[in-house]
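Asks: To start, I am sharing the structure in question, which I have written as structure tokens.
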Amino acid sequence: MNTQEEVGEFTQIFNALMSLMRKFIFKVLCAGPIPNHVSFIMDGNRRFAKKHNLTGLDAGHRAGFISVTYVLQYCKEIGIPYVTLYAFGVDNFKRQPEEVECVMDLMLEKVEYTINQAVSGNLNGVRVFFVGDLTSLNERLRVAAQRLMEVTEENKDLMVVVCVAYSTSHEIVHAVRESCVRKCDGTGDDPVVLQVSDVEECMYTSVVPDPDLVIRTGGGDRLSNFMTWQTSRSLLHSTATLWPELGLWHLVWAILKFQRMQDYLEKKKKLD
Amino acid sequence: MDLNQSMRLLSSWIAQIGGLGLDLLWRFIHLVVSLWYIVSGIIEAVESYAISLGLNKKYSSINIEKLRCLAVVVDIEEARDVSKVIELLQWLRTIGVKQVGLFDSQGLLKKSKDMILGTVPGSVLSEEIGEKNSSPDQNPLALEFISSSDNKEAVMKAANILLQDYLKSSRPENDKGENFFTETHLNEALRVVGENVHAPDLLLVYGPIRSHLGFPAWRLRYTEIVHMGSLNYMRYGSLLKAIHKFTGVHQNYGT
């Protein structure tokens with residue numbers, strides 16, 4: 001056996017051992033309550049690229065996508081049913097046009113890659129939803145996103161909601177508009193009054209329950225216009241780690257924090 | 001008992017023992033995590049006292065002008081002790097904060113508004129600032145009292161105003177309301193129902209967890225949220241540290 005084959009075999013054994021260890025850690029973690037819905041504010045891609053002297057406007061975001069695949073794999077193995085990713089905010093459109101175009105092209109590339117994976121049966125029960133003001137995306141990306149949602153429609157193990165062209169303020173205005181127009185269209189002589197449920201039905205993120213845990217990377221202590229309506233009872237966890245550097249132990253730590261506070265969070269939900 | 005039954009029983013025992021083992025390991029891990037929190041709490045307390053005593057020069061001067069509006073979220077159980085809230089406000093006044101929004105989900109602090117305004121020197125309701133031309137205090141502390149009714153309920157009231165305007169308007173068929181329902185319109189409608197739409201720069205959370213507990217969503221977009229721990233164990237040094245850290249934050253607001 002030559003050196004390359006030996007290295008390949010060693011890598012396989014090492015990966016198998018790591019996988020076993022990870023599954024054991026998750027088994028222990030699952031002895032306690034697991035969040036039903038975890039949201040991620042994926043901050044730090046550009047700083048990662050700068051830190052590692054990576055060239056290219058999308059270099060940091062490419063590294064960020066690798067992190068997405070690992071995090072989703074971990075969430076699926078733990079058994080978390082819903083994950084939301086804050087991929088691109090409405091305010092991010094104010095960045096340099098070249099950077100925005102680069103990020104959109106990268107998103108299209110990754111969506112098309114994921115469609116191929118889904119069609120080949122490699123997506124393993126993951127259902128993908130795109131939410132946000134999708135009309136502000138270019139047509140190719142919009143069509144690709146729609147296709148990915150269709151090919152993964154039957155998957156039931158993990159629902160991944162990707163927030164693109166999203167912000168809470170935009171979401172609230174959109175939901176108010178939609179619900180008002182619906183109320184006007186569907187009523188006879190009854191007084192027309194909006195309820196909270198009417199508006200919440202029309203929110204972009206109405207496909208998922210409210211998050212139990214929000215994890216923000218990059219060290220920021222703010223929600224950056226992300227799900228402020230839905231996070232009244234969420235544990236907000238912030239880590240200085242940049243998104244492409246987020247690993248298994250960061251996720252485990254966040255879940256351990258959630259488990260410590262579970263009694264309090266349950267009590268708050270009952271008060272509602 | 002045949003072999004299959006014995007195997008099933010054995011598997012069941014092994015599963016139960018395995019489950020018990022995992023449960024014990026989980027509890028042990030949480031014990032270690034709790035010890036970590038105790039140790040880091042002690043370190044934080046020592047640091048806080050050092051800051052209060054002025055031993056750390058870094059916190060001796062704070063650029064308080066950067067903090068235009070501060071909000072304080074108090075867990076409902078802790079909001080019952082109004083004396084602690086009053087003490088906190090007095091500390092904030094000492095630091096030089098000029099505007100504070102006080103939030104608790106059930107409006108307990110709103111009910112104690114008169115007591116708080118009567119006890120904290122130089123405090124006035126924020127809506128009264130500007131109405132009184134001569135204030136006895138040159139540097140009043142403007143207070144705003146907020147609860148959950150200022151969150152989703154307030155947005156509903158504003159939305160219903162917009163809805164009524166929309167119904168009365170002569171709109172084309174198949175109109176989707178894009179000219180009627182915008183951020184500007186919603187902001188204006190919120191002002192009409194008496195809501196403050198300004199976003200606080202910094203939100204200090206006093207309670208068991210870091211959560212905004214239902215603070216008005218419309219105002220929280222880029223607010224820095226800092227968890228301060230329990231109000232019962234609040235420390236002046238920790239408050240100084242949180243405000244100092246905020247003044248060093250640079251936000252790019254998504255750009």
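Asks: Rg/Rh for the range A:146-231 to two decimals, with Rh computed the Kirkwood way over all alpha-carbon pairs.
Replies: With Rh from the inverse mean 1/r over Cα pairs, Rg/Rh is 1.05.
Asks: At a Förster radius of 30 Å, what calculated FRET efficiency corresponds to the Cβ-Cβ distance of B:Val46 and B:Glu77, to the nearest 0.05?
Replies: That pair, B:Val46 with B:Glu77, gives E of 0.65.
Asks: Provide the per residue accessible area, probe 1.4 Å, for the range B:63-247, rounded to a whole number of square angstrom. Display every interim value, and only then the final one.
Replies: Details: 8210 Å² over 185 residues.
With the other protein chains kept in place, the range B:63-247 gives 44 Å² per residue.
Asks: Also, quick follow-up: Can you give me the orientation-averaged projected area of the convex hull built on the Cα atoms of the range B:116-255, in nm²?
Replies: 12.6
Asks: I've got another one for you. Which of B:Glu178, B:Glu224, B:Glu77 moves most in a GNM of chain B, Cα contacts under 10 Å?
Replies: B:Glu178
Asks: Please say if the range A:208-248 is rounded, prolate or oblate, where rounded means a/c under 1.5 for a ≥ b ≥ c the square roots of the C-alpha gyration tensor eigenvalues, and otherwise the choice is prolate for a/b larger than b/c and oblate otherwise?
Replies: It comes out prolate by the Cα gyration axes.
Asks: For chain A, what is the calculated [θ] at 222 nm in deg cm²/dmol (nearest 500), taking -39500 (n - 2.57) for each run of four or more DSSP H residues and dividing by its residue count?
Replies: -16500 deg cm²/dmol
Asks: Determine, from the Cβ-Cβ distance of B:Asp23 and B:Glu178 and an R0 of 45 Å, the FRET efficiency 1/(1 + (r/R0)^6), rounded to the nearest 0.05.
Replies: After rounding to 0.05, the efficiency reads 0.20.
Asks: Tell me, what % of the accessible area of the range B:52-205 is carbon and sulfur with a 1.4 angstrom probe?
Replies: 48
Asks: With a 10 Å cut-off between alpha carbons and a GNM built on chain B, which of B:Leu88, B:Leu231, B:Leu35 moves the most?
Replies: Among B:Leu88, B:Leu231, B:Leu35, the largest mean-square fluctuation in the Gaussian network model of chain B belongs to B:Leu35.
Asks: Give me the Kirkwood hydrodynamic radius of the protein assembly as shown, using the inverse of the mean 1/r over all pairs of distinct Cα atoms, in Å to one decimal.
Replies: For the protein assembly as shown, inverting the mean 1/r across all distinct Cα pairs yields 25.8 Å.
Asks: Starting from the Cα of A:Glu154, step 7 Å toward the Cβ, then list every residue of the range A:125-140 with an amide N under 15 Å from that point.
Replies: Within reach of a label on A:Glu154: A:125-128.
Asks: Continuing with the same structure: Residues of the range A:108-148: accessible area per residue at 1.4 Å, in Å²?
Replies: Solvent-accessible surface per residue comes out at 53 Å².
Asks: Compare the peptides B:107-116, B:21-30, B:210-219 by average per-residue count of other Cβ atoms within 10 angstrom and give them in order, highest first. Write down the numbers at each step before the final one.
Replies: Values: B:107-116: 16.6, B:21-30: 14.4, B:210-219: 24.5.
The most tightly packed comes first, giving B:210-219, B:107-116, B:21-30.
Asks: Which log10 I(q)/I(0) values, to two decimals, does the range A:1-150 give at q = 0.08, 0.12, 0.14 Å⁻¹ under the Debye formula with one point per Cα?
Replies: Per q value, in the given order, log10 I(q)/I(0) is -0.31, -0.68, -0.89.
Asks: Please say if the range A:47-103 is rounded, prolate or oblate, where rounded means a/c under 1.5 for a ≥ b ≥ c the square roots of the C-alpha gyration tensor eigenvalues, and otherwise the choice is prolate for a/b larger than b/c and oblate otherwise?
Replies: Here the range A:47-103 falls in the oblate category.
Asks: Can you pull the semi-axes for the range B:1-60, root of five times each eigenvalue of the Cα gyration tensor, sorted largest first, whole Å?
Replies: Details: eigenvalues 615, 8, 3 Å².
That gives 55, 6, 4 Å for the three semi-axes.
Asks: Turning to a different aspect of this structure: How big is the gap, in Å, between the Cα center of the range B:105-127 and the Cα center of the range A:195-259?
Replies: Measuring centre to centre over Cα atoms gives 32 Å.
Asks: For the range A:98-139, max minus min Cα coordinate along each principal axis, in Å, sorted largest first?
Replies: 34, 19, 14
Asks: List, largest first, the extents of the alpha carbons of the range A:65-151 along their principal axes, each in whole Å.
Replies: 38, 23, 21
Asks: Here's another thing I want to ask about it. In nanometres, what is the gap between the two model label sites at B:Ala199 and A:Tyr70, each 7 Å from Cα along Cα-to-Cβ?
Replies: So the label points at B:Ala199 and A:Tyr70 sit 3.1 nm apart.
Asks: Using a simple spin-label model with points 7 Å from Cα along the Cα→Cβ vector, what separation in nm is obtained for B:Leu35 and B:Lys58?
Replies: Each label point is offset 7 Å from its Cα along the Cβ direction, giving 2.8 nm.
Asks: For the range B:28-75, which semi-axes, largest first and in whole Å, follow from the square roots of 5 times the eigenvalues of its Cα gyration tensor?
Replies: In descending order the semi-axes read 30, 18, 8 Å.
Asks: When chain A is modelled as a GNM with alpha-carbon springs shorter than 10 Å, which of A:Arg95, A:Arg216, A:Arg46 fluctuates the most?
Replies: Looking only at A:Arg95, A:Arg216, A:Arg46, the biggest GNM fluctuation is shown by A:Arg95.
Asks: Give the Rg (one decimal place) followed by the Dmax (whole number) of chain A, computed from C-alpha coordinates and expressed in Å.
Replies: 20.4, 84
Asks: Ignoring ligands, DNA and RNA and using a 1.4 Å probe, state the total buried accessible area between A and B in Å², rounded to the nearest 100.
Replies: Chain pair A/B: roughly 4800 Å² of buried accessible area.
Asks: Quick check on my link table: of A:Lys76/B:Lys157; B:Lys58/B:Lys111; A:Lys183/B:Lys110; B:Lys111/B:Lys152, which ones sit more than 31 Å apart, alpha carbon to alpha carbon?
Replies: A:Lys76/B:Lys157; B:Lys58/B:Lys111; A:Lys183/B:Lys110
Asks: P(r) of chain B in 10 Å steps, Cα pairs, percent per bin?
Replies: 6, 22, 26, 18, 11, 8, 5, 2, 0, 0
Asks: Hey, another quick one. Please compute one quarter of the surface area of the Cα convex hull for the range A:19-66 and express it in square nanometres.
Replies: 5.0
The values are calculated or read from the model by the stated rules, or taken from the named source; none is laboratory data. Given the structure is predicted, the values throughout are model-derived calculations rather than measurements. Neighbour counts are summed over all protein chains in view; Cβ atoms, including those assigned to glycine, are modelled from backbone coordinates with ideal geometry. These accessible areas exclude ligands, DNA and RNA; they are computed on the full protein's heavy atoms, side chains included. Shrake-Rupley method; radii C 1.70, N 1.55, O 1.52, S 1.80 Å.
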